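Working notes, structure below.
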Amino acid sequence: MRKTARLVLGLLFVFSGIVKAVDPVGSALVFSEYFTAFGVGFLKPLSLVSGMVLSTVEFVLGVMVLLDFRKRAAAWGMFLFMSFFTLLTLYLALFDPVEDCGCFGDAIKLTNWQTFFKNLIFWPFALVLFLQRNRTAPLAGGAAEWPVIVFFAILVSGLSLYSYRHLPPVDFRGFRVGNDIASLLEESRSNPEYVFTTDLVYTREGKEEVFRLDSLPDSTWTFVDSRTKRIATGVRHKVTDFSVRDVAGRSVTDSILKEEKTALVLLIWSEENLNGNVLERLKPLVRESREQGRPNFTVSALPADSVHAVLLENGIDMPVYMADVKTLLTVIRSTPGLMVMKKGVVLAKYGFRDYPSPEKWEELVSRDPELVVARARIGNRLRTQLFVALMLLLIFLLRKGFWFSRSRF
């Protein structure tokens, strides 16, 4: 039973830590919602650090349990971690202060009740490890185990830092390369995640009754109140909103998603990094797009006039449209970021540190879009599979103890 508990919890925590580490900005957003919901908004500046620390702790705990390193410390950590989050998710399920617990980032979306039941299922495994923490001998001494633990902590912290400075190497969101945004939007509209029902409360002769809009009572009843409920359908969509409007407030979403030519889209959701050094590297791409008659525009969560003024100061003249900051954060984790689209399909995305050179840009826009998407997806998949395979192989070899132990997995 202990071996099963080790494998189940170890793999669960390694997975949970990894999916958070590849998207530290997303983890920071979740922590920010938690801080607001629990009345400690002054802690918001610590959201990013908190997200990185949590992913590191989860990953390292998972590795320690898989390797059977520091048995007592790992058992205590796993038990306290699972107990705390089981109670927390029960509170979230009962009172719903936040919609998404962020347990698995954007990789797997769970409702608060689903998250609670998930923790309820895994908590007994943590209890088994805790109760049996003293029943097996240490695998090796601390001098051999601690350096390995520190190595894995540095590994996942480095992955988190890289993902923050660039873009997540694995994109779990609906706006990832290759996705057809128009199709995903239509899918979410035709089969929504939530439906709303309105109950109307009427009274007559001191008796209250609830009626629906399609079955209203006669005039002998007196209206008292209306109550609108949001009911989850159980369906989850990757893209639920992508609303873009011009400075006059008119929607330009459909025209953007139907654009036949390859469009260069600059995305800005904060003033951070909006400076000459960053924008200078964008100028050749804008110039080439304009010369070839391809559309280029900015979608910003900041006031359009101020953004347009900054762009003009740096020699960039392009239309500026408006969108909600939450939408833009979902589209791209970098600000300013760059997205390349054609007929509503995302062909490429770049953080501000990784804008393509004019040569790479020319190669990108001249290729068949389907080939561009296929190449990007295959490359990302291979890198991800290679990383996971190497990491699991390393854990397996360490657990076999090929230099300091004869223990077997």
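On the given criteria, is Leu66 without any contact (Cβ under 8 Å) to a residue 60 or more places away in the chain and assigned to a helix (DSSP H, G or I)?
no
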When Ile181 is run through (1) crowded, with 18+ Cβ neighbours inside 10 Å; (2) assigned by TED's automatic domain parsing to the domain that holds Phe95, the failure sits at (2)
Just give me the residues in segment 307-352 being small (Gly, Ala, Ser) and either over 16 Å from Val244 (Cβ atoms) or in a loop (DSSP other than H, G, I, E, B) (or both), in sequence order. Ala309, Gly315, Ala323, Ser334, Gly344, Ala348, Gly351
Residue pairs meeting the criteria (Cβ under 6 Å; at least 6 apart or on separate chains; first touching a residue at least 60 places away in the same chain (Cβ under 8 Å), in segment 290-305; second of a type outside the set (Ser, Thr, Tyr)): Arg294/Lys261
Picked from segment 195-235 (must be assigned to a loop (DSSP other than H, G, I, E, B) and of a type in the set (Asp, Glu)), the residue farthest from Leu364 (Cα to Cα) is Glu205
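Please go through segment 214-237 and give me each residue that is small (Gly, Ala, Ser), out of contact with any Phe, Trp or Tyr (no Cβ under 8 Å at 6 or more places or on another chain) and surrounded by 10 or more Cβ atoms within 10 Å (Cβ to Cβ), ordered by number.
In the first step, residues of segment 214-237 are kept if they are small (Gly, Ala, Ser); the result is 215, 219, 226, 232, 234.
If we keep only those that are out of contact with any Phe, Trp or Tyr (no Cβ under 8 Å at 6 or more places or on another chain) as well, we get 215, 219, 226, 234.
Selection gives Ser226 alone.
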Of everything in segment 108-129, what is closer than 14 Å to Gly234 by Cβ and either touching a strand residue (DSSP E or B) at 6+ places or on another chain (Cβ under 9 Å) or touching a residue at least 12 places away in the same chain (Cβ under 8 Å) (or both)? Give them in sequence order. Lys109, Thr111, Asn112, Trp113
So which pairs qualify, if the first residue must be in segment 364-379 and in a helix (DSSP H, G or I), the second must be among the hydroxyl-bearing types (Ser, Thr, Tyr), the Cβ gap must be under 6 Å, and the two must be at least 6 apart or on different chains? Val365/Thr262
At pLDDT below 95, of a type in the set (S, T, N, Q) and more than 27 Å from the chain's Cα centre (by Cα) - does that describe any residue in segment 260-281? yes
Of the residues in segment 33-61, those that are of a type in the set (Gly, Ala, Ser), out of contact with any Phe, Trp or Tyr (no Cβ under 7 Å at 6 or more places or on another chain) and at pLDDT 95 or above come to Ser55
Tally time: how many residues in segment 235-260 are out of contact with any helix residue (DSSP H, G or I) (no Cβ under 9 Å at 6 or more places or on another chain), of a type in the set (D, E, K, R) and under 14 Å from Lys342 (Cα atoms)? 2
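Quick check, is Thr56 surrounded by fewer than 18 Cβ atoms within 10 Å (Cβ to Cβ), out of contact with any His (no Cβ under 6 Å at 6 or more places or on another chain) and either of a type outside the set (S, T, N, Q) or assigned to a helix (DSSP H, G or I) (or both)?
Values: surrounded by fewer than 18 Cβ atoms within 10 Å (Cβ to Cβ): no; out of contact with any His (no Cβ under 6 Å at 6 or more places or on another chain): yes; either of a type outside the set (S, T, N, Q) or assigned to a helix (DSSP H, G or I) (or both): yes.
The answer is no for Thr56.
If you go through segment 186-209, how many residues are out of contact with any Ser or Thr (no Cβ under 8 Å at 6 or more places or on another chain) and either closer than 28 Å to Val373 by Cβ or surrounded by 11 or more Cβ atoms within 10 Å (Cβ to Cβ) (or both)?
Start the filter on segment 186-209 by keeping residues that are out of contact with any Ser or Thr (no Cβ under 8 Å at 6 or more places or on another chain), which leaves 186-187, 189-190, 205-208.
Then drop every residue that is not either closer than 28 Å to Val373 by Cβ or surrounded by 11 or more Cβ atoms within 10 Å (Cβ to Cβ) (or both), which leaves 186-187, 189-190, 208.
So the count comes out to 5.
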Within segment 199-222, can one find any residue that is without any contact (Cβ under 8 Å) to a residue 24 or more places away in the chain and under 30 Å from Leu328 (Cα atoms)? no
All helices (runs of 4 or more DSSP H) inside segment 86-194 with 3 or more residues being within 27 Å of Leu392 (Cα to Cα): 112-131, 142-165
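Would you mind finding the one in Val63, Val57, Val53, Val98 that is in contact with a helix residue (DSSP H, G or I) (Cβ under 7 Å, 6 or more places away or on another chain) and under 28 Å from Ala140 (Cβ atoms)? Talk me through it step by step, then tell me what you get.
Details: Val57 fails: in contact with a helix residue (DSSP H, G or I) (Cβ under 7 Å, 6 or more places away or on another chain); Val53 fails: in contact with a helix residue (DSSP H, G or I) (Cβ under 7 Å, 6 or more places away or on another chain); Val98 fails: under 28 Å from Ala140 (Cβ atoms).
The unique qualifying residue is Val63.
The values are calculated or read from the model by the stated rules, or taken from the named source; none is laboratory data. Because the structure is predicted, anything quoted here is derived from the model rather than measured. Ideal geometry is used to build each Cβ from the backbone, glycine not excepted, and the neighbour counts take in all protein chains shown.
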